[in-house]
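Before any comments, here is the structure.
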Amino acid sequence: MSSSPDESSPTIDDVDSFRKGVKQRFSDKSKKVAQTKEMLSKQAVQTKEILSKQAVKIAKQAEEHERFINKVTHLVGVLAFGAFCFLLGSRPQDIPYVYCFFYFTFVPMRWIYYRFKKWHYYLLDFCYYANTIFLVMLIFYPKNEKLFMVCFSFAEGPLAWALIVWRCSLVFSSLDKIVSVLIHLLPGIVYFTIRWWDPATFEAMHPEGSSSQRASWPYVEDKSYLWTWLFVVPLVAYTLWQILYFLIVNVLRRQRLLRDPEVMTSYRELSKKAQKANNVWWRMSGVLGDQNRMLMYILFQAAFTVATMALTVPIFLSYELHVIFQILKVSASIWNGGSFLLEVMPRQVIMKEKKKLEMQPLPVQPDPPTVSTEIPTETNGFTESDSQSSEQPCTKENDL
């Protein structure tokens, strides 16, 4: 008599059903994870669209009331400039707080405006990279001597000379131009006050109970230390920014920029202006061919940065030279602002008025009245023509 298998042992069908159940559970979990990811991505896209729409809405409202906003901006700008000069003379130690207030207030506003204009890639430029480092130093590491020297090199090197070379204009009626000037000018004033006018700096230069007076602060031991933290280390930080900028603009966002030629970057704007003017910079950038103009632009900017950072060493050591440099920067921005008001702005006003006239619809000329030879018949005290006109609906054109 053959023995039958144990009834409690699992069969092949049971094993297959168990495997199917496990696979089903894993597939269900993977589906839930995929659904969650899809939902989160949709929410992120919706949030981005909402923020972009709000930015566009705010910018459009600002353009509709442009003249009134310019008058208010001029008034507030002149008053703020006077208050800043008073504060600079009475309490120079508070200037870093003014700078922090400026950054947290106006940089987000600039993002909103530039997002509407499709200029938001300008916020990846070196000046914003450097200003972010300034903010970190002033808030979190205000007594870090080495970081102070790196920031000093940024502020009085590439940022300060860009104010002169790129002809930034101090125009009180233009918030955009005021912010552009202050982004480049204000950091240098901040580090000038910390370097020479801050009471804490004076105490470090003239410690109590010490017969010898220190020649400078930070405590510069030798020239190699000075060149390391005013030139070499800032140059390394600049190189890091240049690599990140190239990866973001020319690799990660390349297709986006190719699809929309209206999106502006610093290279696009400078190349367009240079090509239109056909100046020496456009001819020099084409030495290696049109396909290598971006490389030439990077090399030119690197040479500019090396030269301006090297000049920060004598500026750091001389109070008189530093004062002259501050006067030069302010004078250049004011001079460029005057040139803009007298030469550029009148042409812009004329062009805007022409565009408004072109966009306005031409007035519709009414048809000349025709004299009817028919004698209107009266109906209940009204003529036929009167009854027809009374039945015509009132439109906006008729109301006008």
Above-threshold pairs, the threshold being 29 Å between Cα atoms, out of Lys273/Lys329; Lys117/Lys143; Lys31/Lys117; Lys23/Lys48; Lys53/Lys329; Lys223/Lys329: Lys117/Lys143; Lys31/Lys117; Lys23/Lys48; Lys53/Lys329
State the answer as a single residue: which of Leu270, Ile243, Leu258 lies farthest towards the positive end of the charge dipole of the range 227-274, with beta carbon charges of +1 for Lys and Arg and -1 for Asp and Glu, about the Cα centre. Leu258
Which whole-Hz ³J(HN,Hα) couplings does the range 129-145 yield from phi under the Karplus relation 6.51 cos²θ - 1.76 cosθ + 1.60, θ = phi - 60°, glycine and proline marked x? 4, 5, 5, 5, 5, 4, 4, 4, 5, 5, 8, 9, 10, x, 10, 7, 5
Sort Ile194, Ile164, Ile327 from largest to smallest accessible area, using a 1.4 Å probe on the heavy atoms of the protein chains. Ile327, Ile164, Ile194
Of the accessible area of the range 97-197, computed with a 1.4 Å probe and all protein chains kept, carbon and sulfur make up a percent value of 71 percent
Charges at C-beta only: +1 for Lys and Arg, -1 for Asp and Glu. How large is the resulting dipole of the range 21-128 about its Cα centre, in Debye rounded to 20? 820 debye
Expressed in nm to one decimal, what extension gain is obtained for the pair Cys85 and Lys146 from 0.36 nm per residue of sequence separation less their Cα-Cα distance? 19.1 nm
Heads up, I need the accessible area for Lys355: 1.4 angstrom probe, whole protein in place, Å², nearest 10. 120 Å²
Could you state how much accessible area Phe148 has, in square angstrom rounded to the nearest 10, with a 1.4 Å probe and all protein chains kept in place? 0 Å²
So for R0 = 22 Å, FRET eff. of Val107-Gln43 from the Cβ-Cβ r, to 0.05, ends up at 0.25
Surface accessible to a 1.4 Å probe, per residue, for the residues of the range 249-347, Å²: 61 Å²
Between Thr228 and Leu321, how high is the FRET efficiency from 1/(1 + (r/R0)^6) when r is the Cβ-Cβ distance and R₀ = 30 Å? Nearest 0.05. 0.90
Suppose accessible area is computed on protein heavy atoms with a 1.4 Å probe; arrange Asp290, Asp222 from highest to lowest. Asp290, Asp222
If you place +1 on the Cβ of every Lys and Arg and -1 on the Cβ of every Asp and Glu, how big does the dipole about the Cα centre of the range 223-325 come out, in debye to the nearest 20? 380 debye
Put a dot 7 Å past each Cα toward the Cβ at Met296 and Leu240; how far apart are the dots in nm? 3.2 nm
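The values are calculated or read from the model by the stated rules, or taken from the named source; none is laboratory data. Keep in mind that this is a model prediction, so the values were computed, not measured. Please note: Cβ atoms are built from the backbone with ideal geometry, for glycine as well, and neighbour counts cover all protein chains shown. Surface areas here come from the heavy atoms of the whole protein model, side chains and all, with no ligands, DNA or RNA. Shrake-Rupley method; radii C 1.70, N 1.55, O 1.52, S 1.80 Å.
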